[in-house]
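Undergrad: Please find one structure pasted underneath; my questions will follow.
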Amino acid sequence: MLYSKQIPIKYDVDIFVAGGGPSGVAAAITAARQGKTVFIAENNGCFGGSGTAGLVPALAQFTDGERFLVGGVGREIRNRVVGEACNYSRAFMGVKVETLKKTYDDMIVAEKNIRFSFFTRLIDVIATDGHIEAAILAAKSGIFAVKAKIYIDCTGDADLSEMAGADTEFGDETGATMPSTLCSIWSDVDYSQKNDKNFMETLEKAIRDGVFSVEDRHVSGFFPYALDSSVAGANIGHCFEVDARDEVSLTKGMLRGRSYMAEFGKFYREYIGGPYKNAHLCYTADMLGIRESRRVVTDYKLTGSDFLRRATFEDEIGRYAYPVDIHIMKPDKESYDRFLKEYTQDMHYGVGESYGIPYRSLLPQKLSNALVAGRCIGTDRQMQASVRVMPGCFITGTAAGIAASLAVKHEDTRKICIDELKMLIQEDFGPERTKDSECGSCMDRVYRY
Ligand SMILES: Cc1cc2nc3c(=O)[nH]c(=O)nc-3n(C[C@H](O)[C@H](O)[C@H](O)COP(=O)(O)OP(=O)(O)OC[C@H]3O[C@@H](n4cnc5c(N)ncnc54)[C@H](O)[C@@H]3O)c2cc1C
């Protein structure tokens, strides 16, 4: 069926950002602060992506244990929420979803160069020979176009890159991806109660008793929002074989995620007990938590061997240090043991160690005026599983915002001065690159409960 229609150009700006998750917010604010006009389109009713609409309950590490790795907008966001946050594990910081949402609102609204709307979805791209001419969006008012000089893909799923004709990769060699999780909020959790149960032994008993419909030992667990709070966010229940590119698969994932809640409620109340003996489910997210989707094929593919060699690059736009965190692909014990070894030993840094992220990993091959930031930058699966966490997305989003500002002049993301890019990133980073009291590499697992 052919469908064609005359549509209005609703915005004509320097930079268009698709998706308002951590990477999109960082890219939009950073570009606006460089004096460029920006339109950012977000499909949900709030900014923050998986971290807000998806109810992901914690921010991962911002440091390598010695130095702050996340500057600019990312650190500003962290500093705005840290007062209310819960640093119960030194690698993760529990954050109230509403605090994070309001922080994003306030920061975006304060930028006079940014225009935006929620409930606005990128549905197509007009591109000729790798040059994007317009983004096509659908919203309540109908279908409209946005014209820009540079386009940044922060959709997490590489929607913009794919629509513009860039190559993408998906999953492992069989097309399988990490499982998704429907995150949730629970009330009546009493952290003043003692918890002396051995988690894994208790979980094994519950599996033997048939509490769960899936034999899944990989339970990330509850993250208290604040130490004095009786409300906690939960990252529990893997939905296997969800394809983030397909709404029918996503729909099944949502149904499955909701159906797991009764099983986990029984497990936490009746088997773990203690702080959880009265725990009650309040809310499940409106957005399925997608860990892995398309990865854009870029000028450089960041790989697991770059992680192992603590790589540095000439065109480095930042460094990061979170371990390779590939959640189990199959719910069996061997998979979980393999995950634990990789996450806590083989692909896990010591204090002060990190890897570089090159600018080329943000440059979709085949596209001349586009950048990608966030969890779908150009990596292999191992590296995606490190850089995908929110502070990693702040780093790539910030760099994309600055690079896009430089690229506006020639409408070409490869016609910029890399030294100038690095200098502006350094300036934007701010003064505090040195030691921070927050350790980033220590992976005490208290959050499991
Ligand atoms: C279950 C789970 C637990 C996690 N735990 C942690 C954790 O503890 N700590 C941590 O730091 N990270 C964690 N992460 C990772 C982290 O939350 C995400 O990887 C990160 O938010 C990715 O940021 P992003 O900006 O790339 O994409 P997303 O956060 O996915 O945001 C993408 C945004 O783009 C919008 N969008 C998508 N397509 C379109 C379109 N076509 N048009 C318009 N808008 C669109 C979406 O609505 C969304 O708001 C977790 C992830 C999951 C799934």
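Undergrad: Among what's in the stretch 6-21 and is more than 16 Å from the ligand (Cβ to nearest atom) and assigned to a strand (DSSP E or B), pick the residue that is surrounded by the most Cβ atoms within 10 Å (Cβ to Cβ).
TA: My answer is Asp12.
Undergrad: Then there is this: Name, by its number, the condition in (1) in the same structural domain as Pro331 (by TED's automatic domain parsing); (2) crowded, with 16+ Cβ neighbours inside 10 Å; (3) touching a residue at least 60 places away in the same chain (Cβ under 8 Å) that does not hold for Ile185.
TA: (1)
Undergrad: In this structure, is Val146 outside the structural domain of Leu340 (by TED's automatic domain parsing), under 26 Å from the mean Cα position of the chain (by Cα) and either assigned to a strand (DSSP E or B) or within 14 Å of the ligand (Cβ to nearest atom) (or both)?
TA: Values: outside the structural domain of Leu340 (by TED's automatic domain parsing): no; under 26 Å from the mean Cα position of the chain (by Cα): yes; either assigned to a strand (DSSP E or B) or within 14 Å of the ligand (Cβ to nearest atom) (or both): yes.
No, not satisfied.
Undergrad: Scanning for something surrounded by fewer than 21 Cβ atoms within 10 Å (Cβ to Cβ), in contact (Cβ under 8 Å) with a residue 12 or more places away in the chain and more than 30 Å from Glu66 (Cβ to Cβ), does the stretch 304-323 turn up at least one residue?
TA: No; the residues of the stretch 304-323 include none that is surrounded by fewer than 21 Cβ atoms within 10 Å (Cβ to Cβ), in contact (Cβ under 8 Å) with a residue 12 or more places away in the chain and more than 30 Å from Glu66 (Cβ to Cβ).
Undergrad: Tally the residues that are exposed (fewer than 14 other Cβ atoms within 10 Å of the Cβ) and either within 16 Å of the ligand (Cβ to nearest atom) or in a loop (DSSP other than H, G, I, E, B) (or both), restricting the search to the stretch 196-214.
TA: Adding up the residues that qualify gives 5.
Undergrad: Which members of the stretch 354-403 meet the condition of being polar (S, T, N, Q) and either touching a His at 6+ places or on another chain (Cβ under 6 Å) or away from the ligand (no atom under 14 Å from the Cβ) (or both)? Steps first, answer last, please.
TA: First pass over the stretch 354-403, keeping only residues polar (S, T, N, Q): 354, 361, 365, 368-369, 379, 382, 384, 386, 396, 398.
Once the filter is applied, which keeps residues that are polar (S, T, N, Q) and either touching a His at 6+ places or on another chain (Cβ under 6 Å) or away from the ligand (no atom under 14 Å from the Cβ) (or both), the stretch 354-403 yields Ser354, Gln365, Ser368, Asn369, Gln382.
Undergrad: On to the next question. Residues in the stretch 113-128: is at least one within 12 Å of the ligand (Cβ to nearest atom), charged (D, E, K, R) and touching a residue at least 12 places away in the same chain (Cβ under 8 Å)?
TA: Within the stretch 113-128, the subset within 12 Å of the ligand (Cβ to nearest atom) is 116-125.
Within this subset, residues satisfying the condition of being charged (D, E, K, R) are 121, 124.
Then keep just the ones that are touching a residue at least 12 places away in the same chain (Cβ under 8 Å); that gives 121, 124.
Checking the stretch 113-128: at least one residue is within 12 Å of the ligand (Cβ to nearest atom), charged (D, E, K, R) and touching a residue at least 12 places away in the same chain (Cβ under 8 Å).
Undergrad: Determine whether the stretch 336-344 contains at least one residue that is touching a residue at least 24 places away in the same chain (Cβ under 8 Å), crowded, with 18+ Cβ neighbours inside 10 Å and in contact with a Lys or Arg (Cβ under 8 Å, 6 or more places away or on another chain).
TA: There is at least one residue in the stretch 336-344 that is touching a residue at least 24 places away in the same chain (Cβ under 8 Å), crowded, with 18+ Cβ neighbours inside 10 Å and in contact with a Lys or Arg (Cβ under 8 Å, 6 or more places away or on another chain).
Undergrad: Only residues that are touching a Phe, Trp or Tyr at 6+ places or on another chain (Cβ under 8 Å), surrounded by 24 or more Cβ atoms within 10 Å (Cβ to Cβ) and more than 12 Å from Tyr320 (Cβ to Cβ): list them for the stretch 370-393, please.
TA: Passing the criteria: Ala370, Leu371, Gly378.
Undergrad: Mind telling me which of the residues Glu427, Glu432, Glu353 ends up being surrounded by fewer than 17 Cβ atoms within 10 Å (Cβ to Cβ), at pLDDT below 95 and in a loop (DSSP other than H, G, I, E, B)? Talk me through it step by step, then tell me what you get.
TA: Numbers: Glu427 fails: in a loop (DSSP other than H, G, I, E, B); Glu353 fails: at pLDDT below 95.
On inspection, the qualifying residue turns out to be Glu432.
Undergrad: Is it true that some residue in the stretch 98-116 is outside any strand (DSSP E or B) and on the phi > 0 side of the Ramachandran plot? Walk me through it before giving the result.
TA: Pass one, the stretch 98-116, residues outside any strand (DSSP E or B): 98-113.
Next, only the ones that are on the phi > 0 side of the Ramachandran plot stay: none.
No, that holds for no residue.
Undergrad: Being near the ligand (Cβ under 6 Å from one of its atoms) and touching a helix residue (DSSP H, G or I) at 6+ places or on another chain (Cβ under 6 Å) is the filter here; which residues of the stretch 50-62 pass it?
TA: Gly51, Val56, Leu59, Ala60, listed by residue number.
Undergrad: Does Phe144 satisfy being farther than 24 Å from Asp12 by Cα and either touching a His at 6+ places or on another chain (Cβ under 6 Å) or hydrophobic (A, V, I, L, M, F, W, C) (or both)? Spell out the reasoning first.
TA: Values: farther than 24 Å from Asp12 by Cα: no; either touching a His at 6+ places or on another chain (Cβ under 6 Å) or hydrophobic (A, V, I, L, M, F, W, C) (or both): yes.
In short, no.
The values are calculated or read from the model by the stated rules, or taken from the named source; none is laboratory data. None of the values given here were measured: they were computed from a predicted structure. Cβ: placed from backbone, ideal geometry, glycine included. Neighbour counts: every protein chain shown.
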